[in-house]
Amino acid sequence: MGKISKESRDYVYMDNSSTTKPFTEVIQGMSFVQENLYGNPSSLYSFGLESESLIRHAREEVAYLIGADTNEVYFTSGGTEANNWALFGTLRAYEGSKRHIVVSCIEHPSISATADYLKHAGFEVSFVPVDKQGLLDPQDIVASIRPDTCLVSVMLVQNEVGTIEPCKDIGQLLSHMGTRRPQFHVDAVQGFGRLEIDVKAWGIDLLTMSSHKIHGPKGVGALFVRKGTPIKPLMFGGGQERGLRSGTENVAGIHGFGIACKLCKSNMKETEANLHRLKQKLIRGITSVFPDAVFNGAGPEASSPHIVNFSFPGFRGETIVYGLEQRGVLVSTGSACSSRKKEPSPVLLAMGKTRDEAWSAIRFSMSRFTEDADVETTILALQDCLKELEPWRKKTT
Amino acid sequence: MDRILLIRYGEIGLKGQNRTFFEDALLRNIERVLQNVTSSKESIRVRKSQGRLFVTGVTLNNEKDLIRAISKVPGVVGVSPAVSVENDIDLIIHAAVCLMQEAIDGTVEMKKAVPVRADVNPTMPTFRVSTKRPNKNFPMTSPDVNQKIGNAILQNMPKLSVDLHNPDIVLHIEIRDQRTYLYAYEAKGPGGLPIGVSGKGTVLLSGGIDSPVSAYMAMKRGVDICALHFWSYPITGERSKEKVVDICKVLTQFDPDLRLYIAPFTEIQTNIIKDCPETYRITIMRRMMMRVATSFCKQTGSQAIFTGESLGQVASQTLESLTVIEEAAGFPILRPLICFDKTEIVSKSREIGTYDISCQPYEDCCSVFVPKHPVTRPTVKEAAAAERKLNIDELVNRCVLEIQEVSVL
C-alpha cells in the first residue's frame, strides 16, 4: 500500500511529511464536484447553494477533528497561507498597540521566514530555543512574554524531526496570565489528523491545518480562529469566509479536505499505535545496519510516530536521497522546502547538532499506508546504499 | 504584393566553388527549423536565388515566429520581412507606401526605436530610401527611384521627414530580374557557418556556465554537435541531469537535431577515490572523461572533442593540466573559450539563454569530489603513475557500453 508507481516501477514512499497520497474517496469526491457542482457558492440560485452546502459539511469535519465550533474554521489555500495570516492578521488587529511576538527557533519556514520579515519591517520577534531533542520548555515561552506581546506561535509537531511540542502545557500556562495573555497560535500542520487535538482544552486561539498532509488534495488548508480572537484578513475582496478570507472558494478542494478529515478521524488511534510500532522497527533497523547513525529527535513519548530522522555522519544527505531513490525508496533531507537550499537545516543546528550531522540528515516519514514490508525494504536499501557510497564518505574527526 | 522573408548570409558567399554546398546546407537547416514552428497546413517554402534565401508563404500571423526561428540559425546574418511586386514603378510605389505605413504602425519592427504611432508622439520619424538595381533593364536609375518613392511617401504620410544620414527607417528596394523586393527592417542572425559544413564533434556538457557556450560556438562554426554528459548518480540526482536536458532544449533553437548522451560516471569516480592520490583526482577524472569521449567519438563519427575549458579558471585548466588531459585523448580537444574571461563567457551565456539554467544550484559531478589542494602543475609521467592501479580499459569500456541517449524534446 505504501508503494507508488513511477514509470512502471514501484517505489516505497517514505516521504509523507512532504505530502501524502490522496485517499481514493477524496479523488472520486473531488472529481464529482469538478464535473457536476462547479457553481459559485456565492451565487443566489440553487446550483450555487449546493456548493455552499458542500463547504459547510467540510467545515464541520475539520472542526470536529480539533474540537472546534464549525464557524471557527476558515479555509485557506494551505498551511503557508494560514501561518502567514495568523502572524500578519494578529499584528494588524493590534494596530501597533502591541508589536512583539514570540516564536520557537524550530518553526517551519512559513513561520520563521514571516517572522524574519516582520522583524525587518520594524516589529519585534523573540525566538525561543529548544533542547537537544528539539523540545521547548513552556517556562521559556512564558519568560519571553512582555507587556507588548500580542502573539505566541509554536508548532505542534516539528516537521523535520517529529518532536511534539508541549502545546497543551503552554496553552494552560498562558491561560493563567489574565489580561496580559497574548494570543496563542499553533502550527499543527504535521500533527493535525494524526494526533488528538483539542483547541478548547489546550487554550488555543489560532491553529493552522493543511489538507495534503493527511491524504487530502494540495492547495487547501484552514485556520482555526477561536470566536472573539482579534484578527484582520490577509486577503481582501468579495467577503467570502465571513469577510476574513476573500476569494472564490476552492469547492472541490475543500470537499476533498473534508473527506480526508473524516477518514483520518475514523481510525486515528489504531493508526497511531501501528505507526509507533513501525517507527521502533525502523529505528532498530537503521541503528543495526549503520551503528554510526545519529538519531535526531525525542523519545516515543514526545515525538510523532510518523517521522524518523537520522544523521549519517560523513555522507551528504542529498546523496543518500538519490542512492535510496535508485533502490526504490523515496525519502528527503530535512523538510522538502529546505531540501533545495544550500544551507544545512537550521532546525538541526538549533538542536545543537554539528554541521556535519545537519548536512547528512535524512528524514523518513510514514503514513497510514506504510506497511512492515516498506520498512524492511527501506532498511535493506539503506544498508546497500551506504555500502556503495562508503568510498565517498568524508572521514570526520 | 506578396509577403516574403529575405535571408542574408555572409561568409558563405565567399567560399568560391563550395558555395552551393554551403547554401544548400543553410537552406536545409532553415527548413528543419521551420518544421518546428509551422503547421503542416501552411505552405512555406525556402528557395535560393542570387545570393539570398527567400521564404514564401509568409502571412501576418506567422511572420514573427518565422523571423524569430530563422534568426537563430547559424549561417544567417540577417532576416527581413519583405514584400515583392512586379517590376512596375506604380506597383513599387504602392508597396513602398504600404510598407512604410506598417513600419510606422509597428506592424514591422524597426531598426531603431521610434514612436509606435507617429500621430500621437510629436517627434517625427525620419526615413531614407535606398534602391539597388541589379536589373539594368529597368527603365529608371536608382537615384530616380529613390526620389520618386521618397516623394510618394511624403505625400501620403506628411508626418514623416527625410534624413539621408541618420534615418530611423531605411526602406530598401531591390529591383531584380523577375521582381522587386522591398524591406525596412532586419533581424540580426548569429552569422557563422551552417551546421554540418564543418563536420561532426562531441561537446562535453557539464551543466555549468561554460560548456553550453562552447557548444554554441562550435555550432556557429558549422559543427554538427552531439552532447555528452557525465552523470554521477546517485552522487548527483535526477535534477542535475534534467538541468543538462534543459540546456540542450535551449541549444535546439540553433540545431533542432541536437542529441544528448549520458555516460554513467560513478563507478570511475569511485575507483579514482579508492585507488588514486587525492591531489591527482581531478586530473585523472578529466583524463578518464577524455578516454570515454574518444571511444564515443569513434562510435558517433565525431572528429573532435569540444570543452568549455578556459585558461587558468581552475586548477585543471592550467597549461600543464591541459597538456596532461590532452595526452589521454585520441582526438583533438578544441576549446572555444580558452582565452575568454569569465565575465565574457557569462555575457555570452546570457545571450544564448542558458545562463539561468546553468545557475540552478544542483551539484554537478565535479563539485563533489574536488580535493582541498589539487595539483596545478601535473606531469604526464606522474599522472600515469597516479592512475597505475586503475583498470583503465575495463572501466572505460564499461562506461561507454552504458552510454544512453536521452530525449531532449
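The values are calculated or read from the model by the stated rules, or taken from the named source; none is laboratory data. What you see is a predicted model; the values in this text were computed from it and never measured. With ideal geometry, Cβ positions are generated from the backbone for all residues, glycine too; neighbour counts draw on all protein chains shown.
Within the range B:160-195, the set of residues being on the phi > 0 side of the Ramachandran plot and crowded, with 22+ Cβ neighbours inside 10 Å comprises just one member, B:G192. Selection over the range A:156-177 of residues that are part of a loop (DSSP other than H, G, I, E, B) and at pLDDT 95 or above gives a count of 8.
Whenever a residue of the range B:170-181 is within 22 Å of B:P125 (Cβ to Cβ) and free of Cβ contacts under 8 Å to residues at least 60 places away in the same chain, its partners that are part of a strand (DSSP E or B) and charged (D, E, K, R), lying with C-beta atoms within less than 7 angstrom and at least six residues away or across chains, give the pairs B:V170/B:R128. Being within 15 Å of A:V289 (Cβ to Cβ), in contact (Cβ under 8 Å) with a residue 40 or more places away in the chain and within 12 Å of chain B (Cβ to nearest Cβ): is that true of A:L382 here? So A:L382 does not fit the description; no.
Per-residue answers, yes or no, for (1) among the aromatic types (F, W, Y); (2) surrounded by fewer than 18 Cβ atoms within 10 Å (Cβ to Cβ); (3) part of a helix (DSSP H, G or I); (4) at pLDDT 95 or above:
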| site | (1), (2), (3), (4) |
| --- | --- |
| B:C339 | no, yes, no, yes |
| B:P374 | no, yes, no, no |
| B:A385 | no, yes, yes, yes |
| B:E394 | no, yes, yes, yes |
| B:V400 | no, yes, yes, yes |
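Looking across the range B:270-322, the residues that are within 14 Å of chain A (Cβ to nearest Cβ) and either part of a helix (DSSP H, G or I) or more than 27 Å from B:K389 (Cβ to Cβ) (or both) come down to B:T270, B:N271, B:I272, B:I273, B:K274, B:D275, B:E278, B:R281, B:M285.
Table: residues versus (1) assigned to a loop (DSSP other than H, G, I, E, B); (2) in contact (Cβ under 8 Å) with a residue 40 or more places away in the chain.
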{"residue": "A:A113", "(1), (2)": "no, no"}
{"residue": "A:Q139", "(1), (2)": "no, no"}
{"residue": "A:V154", "(1), (2)": "no, yes"}
{"residue": "A:F192", "(1), (2)": "yes, yes"}
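Where strands (runs of 3 or more DSSP E) sit wholly within the range A:1-95, those with at least 1 residues that are of a type in the set (S, T, N, Q) occupy A:3-6, A:73-76.
Those residues that are within 14 Å of chain A (Cβ to nearest Cβ) and not in a helix (DSSP H, G or I), I need them from the range B:224-264; list them, please. Let's see the steps before the verdict.
Applying the first criterion (within 14 Å of chain A (Cβ to nearest Cβ)) to the range B:224-264 yields B:231-243, B:264.
Residues satisfying the conditions are B:W231, B:S232, B:Y233, B:P234, B:I235, B:T236, B:G237, B:P264.
If I filter the range B:381-389 for residues that are of a type outside the set (S, T, N, Q) and farther than 19 Å from B:T270 by Cα, do I get at least one hit? Yes, the conditions are met somewhere in the range B:381-389. The residues of the range A:265-319 that are over 23 Å from A:F369 (Cα atoms) and either aromatic (F, W, Y) or within 14 Å of chain B (Cβ to nearest Cβ) (or both), listed by number, are A:F290, A:F295, A:F312, A:G314, A:F315, A:R316, A:G317, A:E318, A:T319.
If you check A:M351, A:M366 for being in contact with a Gly (Cβ under 7 Å, 6 or more places away or on another chain) and touching a residue at least 60 places away in the same chain (Cβ under 8 Å), only one passes: A:M351.
Might you check whether a residue that is more than 23 Å from B:P190 (Cβ to Cβ), in contact (Cβ under 8 Å) with a residue 60 or more places away in the chain and of a type outside the set (D, E) occurs anywhere in the range B:341-350?
First pass over the range B:341-350, keeping only residues more than 23 Å from B:P190 (Cβ to Cβ): none.
So far as the range B:341-350 goes, no, none of its residues is more than 23 Å from B:P190 (Cβ to Cβ), in contact (Cβ under 8 Å) with a residue 60 or more places away in the chain and of a type outside the set (D, E).
If I filter the range A:182-194 for residues that are among the small types (G, A, S), touching a His at 6+ places or on another chain (Cβ under 9 Å), over 30 Å from A:I27 (Cβ atoms) and not assigned by TED's automatic domain parsing to the domain that holds A:W359, do I get at least one hit? Scanning the range A:182-194 turns up no residue that is among the small types (G, A, S), touching a His at 6+ places or on another chain (Cβ under 9 Å), over 30 Å from A:I27 (Cβ atoms) and not assigned by TED's automatic domain parsing to the domain that holds A:W359.
Which residue out of A:V331, A:V347 is in contact with a strand residue (DSSP E or B) (Cβ under 7 Å, 6 or more places away or on another chain), modelled with pLDDT of 90 or more, buried (at least 19 other Cβ atoms within 10 Å of the Cβ) and away from every other protein chain (no Cβ under 12 Å)?
Every option except A:V331 fails the conditions.
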